[in-house]
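Q: So that we are looking at the same thing, I have put the structure below in structure tokens.
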Amino acid sequence: MIDTVAIFEDGTVGDLGSIAFTRPVYELRCGLTSLRTRITRHYPKAKLHLLCRHCLGAVLQEELAREGVEATVNDLAALRQTGALFINGGVLAHGDMPPLAGENVVAKQDGRVLYARLDGASVPDLADQIQTDDAGGISLAVPAGVAGNETRDMSVVRYPWDLIKANAEAIEQDVMAIGAAKPSDGVVERGAYVRVTDGDGVTVYDGDEATRLAAEAKIPLHVGSGSVVHPGTVLDTTEGVIYIDEGVTVRPPTLIDGPCYLGVDTLIDGAKIREGCSIGPVCKVAGEVEESIFQGYSNKHHDGFLGHAYVGEWVNIGALATNSDLKNNYGDVDVFLTSEQYATAKATPSGEYKMVGSYLGDHTKLGIGVMLNTGTHVGVACNVVFGAMPPKYVPSFSWPARDGFVAYDLERMLDTAERVMGRRDRAPSEAYRALIRHIFAETAADRSRCWE
């Protein structure tokens, strides 16, 4: 009897670009939480095993310990003993998921393994298949004799814009899944207003009434413990739920459109938060944000527009910095996901004209007034301060120079990271520092291709 779920990255991880340099694919955010959590809530009694690139293993274990999550990381010998239900970490889990019990089977989509149920005797030797480079994942070599493909209607992430496209629906799904798991006992103060669609059209509730109705789960609004929505704020749930987690402060003048998620201890400070946004935890956001995801611990505490973007952790976006999410000719957007693509001018076509904004890796900083073109991809630990638009691909550890960029001094970067993280009572561990050094070394060729 299989009792283990093993979530794995596959060889398409490079198509997610810099937002996956510092974390496994399944730690990316969509909806209220990570892809991992969206998967594991379907298997509440199963043991959890996580497979990831070697360079991420130690940091992942630290993050799991911080969250209080029990999981084994990259213990291939154990899997060969017990077997597992292997699930692709890019799966946007909702609806029916494959059961733990059953015959050995593999399900693929366009040649990509979505999941494979394998007993211990059928688990292939994965040790040689976990690649150590940043572009590698795990390719399940399903053994002979395993049943043919199952067919399921499952969504799976491959590109950064897939997360953005799925986010609004994922918020609604997550809220329905968790139900009344947490009480809505935060406060919407008098003078703040909540717009709700009902049988008579649209009703507007003042803060006191909205607080009561949210606590009774009678309106599509959740305000977590310790959260406060100040007067002069409008929460518009007519197009979707608004889920405000614990310890959040919403200050005026702010408009929030649902569906929307605000993470733990986040500050919304005079903002227009359009539909389809997931923000937090521990972010500070102002200005206008539309259909964007903040992984967490990042700041956009000033005016400026951010649309259809994915923002990593420990990112700071300066005053009036703005990105484009629509070309002037309304054409489809192509994105440079790798330095090789940028050097050869062969970008990945998104097939989208509106859902593609920009992608910012961890520890990147945008200076005041920076303007990012549609589909700009910025790596880890970059400092972008151009008055004109920077290139559409900025390799990791780029530091501005008179004629472009030079390499960001690694030790200076780590010193800055320690100061930035210290402001949120965090510190870069030795494992985290080792990961950053690994990424710096692995991306040296990227910088050479882009600057020479």
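Quick note: the coordinates plus some simple rules give every number you see, no bench work behind them. Remember, predicted model here, so these are calculated numbers, not experimental data. All Cβ positions, even for glycine, are placed from backbone atoms using ideal geometry, and neighbour counts span all protein chains on display.
Q: As a footprinting exposure proxy, order 314, 399 by other Cβ within 10 Å, with the fewest listed first. Intermediate values should be presented prior to the final figure.
A: Numbers: 314 26, 399 16.
Ordered from fewest to most neighbouring Cβ atoms within 10 Å, 314, 399 come out as 399, 314.
Q: Antiparallel versus total DSSP beta bridges in the chain: what percent is that, nearest 5?
A: Details: 24 of 91 bridges.
Percentage antiparallel, nearest 5: 25.
Q: Out of region 200-309, which trypsin sites (Lys or Arg not before Pro) are coil in DSSP terms and have no more than 14 other C-beta atoms within 10 Å?
A: Details: sites: 212, 218, 272, 274, 284, 300; in loops: 218, 274.
Loop-located and lightly packed - 218.
Q: Would you be so kind as to identify all helices of the chain, as entire DSSP H runs, whose Cα atoms reach 24 Å or more along the helix's own axis and whose mean Kyte-Doolittle hydropathy is at least 0.0? Could the numbers behind the result be given before it?
A: Numbers: long enough: 160-178 (25 Å, 0.17).
Sorted by number, the helices that extend far enough and score high enough are 160-178.
Q: In addition: Sum -39500 (n - 2.57) across every DSSP H segment of at least 4 residues in the chain, then divide by the residue count to get the 222 nm mean residue ellipticity, nearest 500. Mind dumping the intermediate values first?
A: Working: 9 runs with 92 residues, N = 452.
Mean residue ellipticity, 222 nm, calculated: -6000 deg cm²/dmol.
Q: Could you list 96, 75, 362 so that the one with the fewest beta carbons within 10 Å of its beta carbon is first and the one with the most is last?
A: Details: 96 10, 75 14, 362 24.
So the residues, fewest neighbours to most, are 96, 75, 362.
Q: Now, a different point. Of 182/272; 165/327; 300/392; 165/392, which pairs sit farther than 23 Å apart, going by alpha carbon to alpha carbon?
A: 182/272
Q: Okay, next question. Check which residues have an amide H placed less than 5 Å from residue 91's amide H, if you skip close sequence neighbours.
A: When sequence neighbours closer than 5 places are left aside, the close amide H contacts are 157.
Q: Which aspartates and glutamates have a Cα lying under 20 Å from the Cα of residue 354, excluding residues fewer than 8 positions away in the same chain?
A: Reachable aspartates and glutamates: 15, 162, 169, 239, 257, 275, 288, 290, 291, 325, 332, 334.
Q: Follow-up question, since we're still on this one. How would you rank 205, 26, going from fewest to most other Cβ atoms within 10 Å of each one's own Cβ?
A: Details: 205 21, 26 27.
Fewest-to-most Cβ neighbours within 10 Å comes out as 205, 26.
Q: Taking every alpha carbon pair in the chain, what does the distance histogram look like in 20 angstrom bins from 0, in percent?
A: Here the calculated profile for the chain is 25, 56, 19, 0.
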